[in-house]
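Engineer: This is the structure I want to talk about, given as structure tokens.
The values are calculated or read from the model by the stated rules, or taken from the named source; none is laboratory data. Because the structure is predicted, anything quoted here is derived from the model rather than measured. No Cβ is skipped: glycine too gets one built from the backbone with ideal geometry, and neighbour counts run over all protein chains shown.
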Amino acid sequence: MSNEELLKGQSIPHDSANKHVTGLAQYTDDISEPLNTLHGAIGWSKKAHAIIKKIDLKEVKESEGVISVVSYNDVPGRNDVGPVFDGDPIFPKTKVEYFGQPLFAVAAISTELARKAVLKAKVIYQELEPIVTIEDALKKNNLLFEPRIIKKGDPEKKIIKSKNKLKGKFNTGSQEHFYLEGQVCLVIPQEDNNLTIYSSTQHPSETQQIIAKMLKQKSNSITVMVRRIGGGFGGKETNFMTAAICALLSHKTARPIKLRLDRDDDIIITGKRHDFYSEYEVGFNDNGRIEGLKLKLASRCGMSPDLSYAINERALLHIDNTYYLSDLEVKNYLCKTNTSSSTAFRGFGGNQGMMAIENVVDNIARFLKKDPSEVRKNNFYGLNERNVTHYGMRINDNVIQDIFKNLLDKSNYKKRYQEIRNFNLKNKFKKKGIALTPVKFGISFTTIHLNQAGALVHIYTDGSVYLNHGGIEMGQGTHTKIAQLVANTFGLPFEKVKISSTNTSKVPNTSASAASSTTDLNGAATLNAAGKIKKNLNDFIKDKYKIYSNTEPIYKNQYIFFGNRSFKFKKIIEEAYLNRVSLSSSGFYSTPKINFDKKKFHGRPFYYFCYGAAVTEVTIDTLTGESIIDRVDIIHDAGNAINPALELGQIEGGFVQGQGWLTMEEVVWDKSGKLKTFSPSTYKIPAISDTPKKFNVEIFIKGSNVENVVNKQKTTGEPPLMLAMSVFFAIKDAISSLSNYKKIPELDAPATPEKILMSINKLKSKI
């Protein structure tokens, strides 16, 4: 394969594809355990809110196979794994704040014996009243931070003057990450209290820092390594509890420790997606164009801040989706509840904000008895006007109109829209619905300093290339795409490039693989390192072979073409080594142009935007509430994709995960704060039978990035999840048909069969 083909976007297989399907891919739990390895288990609180009166661990310590037990007294340094704010104690001293909170941990000679031992703990609680719901937290003003108010223009005045007005409420639910590989860590002690840590994490550098602070050691004594993880979706971005406890057990015993959470324990202990509650008041004209909008957004953050501030901030930044809002006010409430700390999840709050505005726009269309797709178009950002966001960023890459028009045509939307209405007139119990929804999603960490990356590249004397960067491979193909970039840079076959495990001792101070920025950041850092080596080689060739051409050499098909000369790549590498030319370099990249004043909520928080749109057709059974996705059509902008096959996989996977969030994945806590959906038997994720019967996915053929991103690509990490909004609003469209489209259905997400039936009954009561 030539480098030209690579640059054009060759759909080569994922570098671990064969290993994935044959079981040869090595994950943390597959690493060979050293002699004398012990196995850990966590004892956790059975109450959601209580004072710990007494913990009796005598029987735990005496249990068969137990070597060590640790609790808060055994933490030598910082007893907290909070990534930004304190509030996530490794072990609490006197008070528990959620059902599932770790209280102590055990190291035993086997996993089975460790798990049996933790059950023997005797804990005496003084129960306190838990705050579980957003509603309860708002009533009691139980907030993590002061409410945040974002305002642009004079929305109240505009609403009063508007011809049409609406008010309403809306909820989006939580979601369990349900990664295939659960929380797992292996810690191996070295000399001088050093630790080597293998962890299923999206953030090795912060894992390193958290553990160093916990043990009161320097970061250089902790090495974290990750070859791949079996899915993360944000659930492994800040969940440092497993690695911290594992490291603490190893520190105390001076022995290797493996800690692998049971699936039920994993779900109970770890954080989930924030559920959101919204209230709105909107004024609009007869075309559905929004003139003034007031919103109240409240989220269930759980017992600690974790990343809730940033997640809610991104919700505020995406409250516009693809729509120009001239006059807007949003009040944001971060609710503290006695549930596990809500954490990062694909979309990072952006999708919750987008669902809030999409619900408003959809209801406007139904109020006006218009096709929602037309009302959506009427509110789009413009190209040369109406193109500044509510936070002051000018949009200069808007392609949503083009994507929308293409999708309307390719999906036969208008014809099917009418056919569905005819179908619903003829069928009493089965009803169809259709919806077309757009996506605009900003790319960059909104915490500016995180927009940086490092890399390390070596060329060996046989012409093979080794590279290391700070990104985590979690199935999305980051390693494959970056290896393609490097292969193209040096004009080599893909097979000549090897990516090693992400390692804090090779590339330090990395950012999490998150914010849909992993390939952008780490790819650019890697090319920076490769570029330095190329300069060394170019200078060497020019000097040795007396080449006076001002043109840049071309690296292609394992040759270097310089002036009118050509050189075999491998031979030049051998010569360079013999002439003491450096064939190794580190690289660095920081995202340009971004700036954002968080206090003023103004600036440019994103380097660029991703766009897409989806049309979904559904059928609901009005007797059971069940829904089926009949057909989905998607056009998504991936820019100049490095590897189109990987991008298509991300688009399809993101859509299905979003579909799960909006239709079936329901997280339930009871009034006492106990999590009821804690296992595969009580928590439903999409199965293959739940995927669309017809699934047409297309990458936007005109796609390119206006900014100087590697290969002019656009990410497909988070944005495709939001394409699934079309499923929810198609279901809502089907319900609306029961009133002959005269009434607006009341429907919250996820649209489970029960909620669909409840919505149908409410609608019938209004007819």
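Engineer: Looking at the stretch 195-218, can you tell me whether even one residue there is in contact (Cβ under 8 Å) with a residue 40 or more places away in the chain, charged (D, E, K, R) and assigned to a strand (DSSP E or B)?
Structural biologist: no
Engineer: Quick check: anything in the stretch 750-764 among the small types (Gly, Ala, Ser) and free of Cβ contacts under 8 Å to residues at least 12 places away in the same chain?
Structural biologist: So in the stretch 750-764, the residues among the small types (Gly, Ala, Ser) come out as 751, 759.
Remaining after also requiring free of Cβ contacts under 8 Å to residues at least 12 places away in the same chain: none.
Within the stretch 750-764, none of the residues are among the small types (Gly, Ala, Ser) and free of Cβ contacts under 8 Å to residues at least 12 places away in the same chain.
Engineer: List every residue pair whose Cβ atoms lie under 9 Å apart, where the two residues are 6 or more positions apart in sequence or sit on different chains, the first residue falls within the stretch 417-430 and is in a loop (DSSP other than H, G, I, E, B), and the second residue, located anywhere, is surrounded by 13 or more Cβ atoms within 10 Å (Cβ to Cβ).
Structural biologist: Partner pairs satisfying both residue conditions: Lys428/Thr622; Phe429/Asp621; Phe429/Thr622.
Engineer: Would you be able to say whether some residue in the stretch 402-414 is under 29 Å from Arg346 (Cα atoms), at pLDDT 95 or above, outside any loop (DSSP other than H, G, I, E, B) and among the acidic types (Asp, Glu)? Quick ask: steps written out before the conclusion?
Structural biologist: At the first step, the residues of the stretch 402-414 found to be under 29 Å from Arg346 (Cα atoms) are 402-408, 410-411, 413.
Filter once more, keeping what is at pLDDT 95 or above: 402-408, 410-411, 413.
Right, trim to outside any loop (DSSP other than H, G, I, E, B) and you get 402-408, 410, 413.
Checking the rest, the ones that are also among the acidic types (Asp, Glu) come to 402.
Yes: one or more hits.
Engineer: Could you name every one of the helices (runs of 4 or more DSSP H) located completely within the stretch 37-147 that has at least 3 residues being not charged (D, E, K, R)?
Structural biologist: Output list reads 111-118, 134-139.
Engineer: What number of residues within the stretch 711-744 are in a loop (DSSP other than H, G, I, E, B) and surrounded by 24 or more Cβ atoms within 10 Å (Cβ to Cβ)?
Structural biologist: So in the stretch 711-744, the residues in a loop (DSSP other than H, G, I, E, B) come out as 714-718, 740-744.
Filter again for surrounded by 24 or more Cβ atoms within 10 Å (Cβ to Cβ), leaving 714-718.
Of the residues in the stretch 711-744, 5 are in a loop (DSSP other than H, G, I, E, B) and surrounded by 24 or more Cβ atoms within 10 Å (Cβ to Cβ).
Engineer: When the residues of the stretch 384-401 are narrowed to those that are loosely packed, with under 15 Cβ neighbours inside 10 Å and more than 29 Å from the chain's Cα centre (by Cα), which ends up modelled with the highest pLDDT?
Structural biologist: So, considering only residues that are loosely packed, with under 15 Cβ neighbours inside 10 Å and more than 29 Å from the chain's Cα centre (by Cα), the one modelled with the highest pLDDT is Glu385.
Engineer: Report, by residue number, each residue of the stretch 270-306 that is closer than 30 Å to Cys185 by Cα, in contact with a strand residue (DSSP E or B) (Cβ under 6 Å, 6 or more places away or on another chain) and hydrophobic (A, V, I, L, M, F, W, C).
Structural biologist: Listed by number, the list holds a single entry, Cys301.
Engineer: A further question on this structure: Give me the pairs: first residue in the stretch 628-639 and within 16 Å of Val615 (Cβ to Cβ), second residue among the charged types (D, E, K, R) and in a strand (DSSP E or B), beta-carbon distance under 6 Å, and six or more apart or on different chains, which are they?
Structural biologist: Asp630/Glu617; Arg631/Glu617; Arg631/Lys694; Ile635/Glu698
Engineer: Sticking with this structure for a sec: Look through the stretch 592-636, keep the residues that are surrounded by 22 or more Cβ atoms within 10 Å (Cβ to Cβ) and among the β-branched types (Val, Ile, Thr), and return whichever of them is farthest from Leu662 (Cα to Cα).
Structural biologist: So the residue we want is Ile635.
Engineer: If you scan the stretch 240-268, which residues turn out to be crowded, with 24+ Cβ neighbours inside 10 Å and of a type in the set (Ser, Thr, Tyr)?
Structural biologist: The answer is Thr242, Ser250.
Engineer: Still on this structure, please answer the following. Restricting to the stretch 39-79, give me the number of residues that are touching a Lys or Arg at 6+ places or on another chain (Cβ under 9 Å) and aromatic (Phe, Trp, Tyr).
Structural biologist: Count: 1.
Engineer: Could you check Gln175 against (1) buried (at least 18 other Cβ atoms within 10 Å of the Cβ); (2) assigned by TED's automatic domain parsing to the domain that holds Ala243 and say which number it fails?
Structural biologist: (2) is the only condition that Gln175 fails.
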